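Notes for the one structure printed next.
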Amino acid sequence: MIVRFWGVRGSFPSGNEETVRVGGNTTCVEVRCGDEIIIFDSGTGIINLGKSLMKELPVKANLFFTHVHWDHIQGFPFCAPFYVPGNEFNIYGGTSLPKTIEEVLDEQMSSPCFPIRKEVFGAKFSYHDLRAGDVVEGKNFKITPSNLYHPDGSFGYRIDCGDQSLVFATDNEHSEGKLCKNLLKLCEDADLLIYDSQYTDAEYYGLEGQFSRKGWGHSTMKEGVKIAEAGNVKKFVLFHHDPAHDDAFIGRIEAECKKIFPNSIAAFEGLEINLDDSALPKSLFA
Ligand SMILES: [Zn+2]
Ligand SMILES: [Zn+2]
């Protein structure tokens, strides 16, 4: 599998001089399993992914939503290949039930919040709502959603492709003192865990004069490492960076992470991880 990061921020896009190296776009990750394309979420990162996909028309891809908070859907109306006849997209959601993923995206692109309806898309779409434990099988991959802990719900996904496996677990709040059973099960012996590392301990617990972010639905790098260690995960990616964290700050969190889990890297726009390679690529901060 090859994993490419197009949007690595949580909450809202962050574009300024201090965040430009890590990148300011919200959540969007592309995974290639042989010739099959899997996309996680359509944060603003999907706009640049869309531009890149325009070079390989016609596009057939599977877009899996972890959930439908703004930072994971903001880019949806702006993905260029959606407008091109001949392209095909399978859209998967399920955390918004009883509203279907199609209904939610339809509401996103409707008056008075958006000028055009999704009926203007030229590509063919099919919509599917999943439940935790369902399995979606492609030619080369098997993908399994599981419930994470997040306001309004969120899916973590595991992809198995040949003998490789990765877990995408963004937007998850850990429970203090115990590991999330669902996530641990997803992570068993996975090659790669991409994890919600939005807050430092000081931010999450409200230390050092901070206010606490408990109950906001996010986690810390240290809690992610606990899961990675317990699940015998080989590589760890810090993801869903807080928009207030500038490049230098994320560099410091990554350095701290490497001390306790050396095989780790902070996600940045343009990061590409090939699971055929034994080592992670070079960090932005090395
Ligand atoms: Zn988010
Ligand atoms: Zn969220």
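Per-structure values
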| quantity | calculated |
| --- | --- |
| Cβ crowding within 10 Å averaged over residues, with 87-97, 25-35 ranked highest first | 25-35, 87-97 |
| Nearest 10 degrees, 0 to 90: helix 247-260 Cα axis against the chain principal axis | 60 |
| Tail beyond 25 Å, pair distance distribution of the chain (Cα, percent) | 42 |
| By average C-beta atoms within 10 angstrom, highest first, the peptides 113-123, 148-158 | 148-158, 113-123 |
| Peptides 247-258, 72-83 ordered by average Cβ neighbours within 10 Å, highest first | 72-83, 247-258 |
| Enclosed volume per residue, in Å³, of the convex hull spanned by Cα atoms of segment 64-207 | 139 |
| Simple label model, 7 Å out from Cα along Cβ direction - Ala286 to Ser111, nm | 5.4 |
| Partners for Lys185 among lysines (Cα-Cα distance below 27 Å; same-chain residues under 8 apart left out) | Lys139, Lys142, Lys214, Lys222, Lys226, Lys234, Lys235, Lys258, Lys259 |
| Gyration tensor verdict on segment 139-286 (Cα atoms; rounded if a/c is under 1.5, prolate if a/b is larger than b/c, oblate otherwise) | oblate |
| Taking the chain and dividing mean pair separation by its residue count, relative contact order in percent (alpha carbons under 8 Å, at least six apart) | 18 |
| Lone cysteines, the chain (no partner Cβ under 4.7 Å) | Cys28, Cys79, Cys113, Cys180, Cys187, Cys257 |
| Over 20 Å [Cα-Cα, segment 216-286], rounded percent | 27 |
| Cα gyration tensor shape of segment 80-143, rounded if a/c is under 1.5, else prolate or oblate by comparing a/b with b/c | oblate |
| Largest-first ellipsoid semi-axes for segment 14-70, taking √(5λ) over the Cα gyration tensor eigenvalues, angstrom | 23, 14, 9 |
| Net lengthening on full extension, Glu103/Ser126 (0.36 nm per residue, minus Cα-Cα) | 7.0 nm |
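Since every read-out is calculated from the coordinates, none of them should be taken as a lab result. Everything numeric in this text was worked out from a predicted model, so none of it was measured. Glycine gets a Cβ as well: all are built from the backbone with ideal geometry, and neighbour counts include every protein chain shown.
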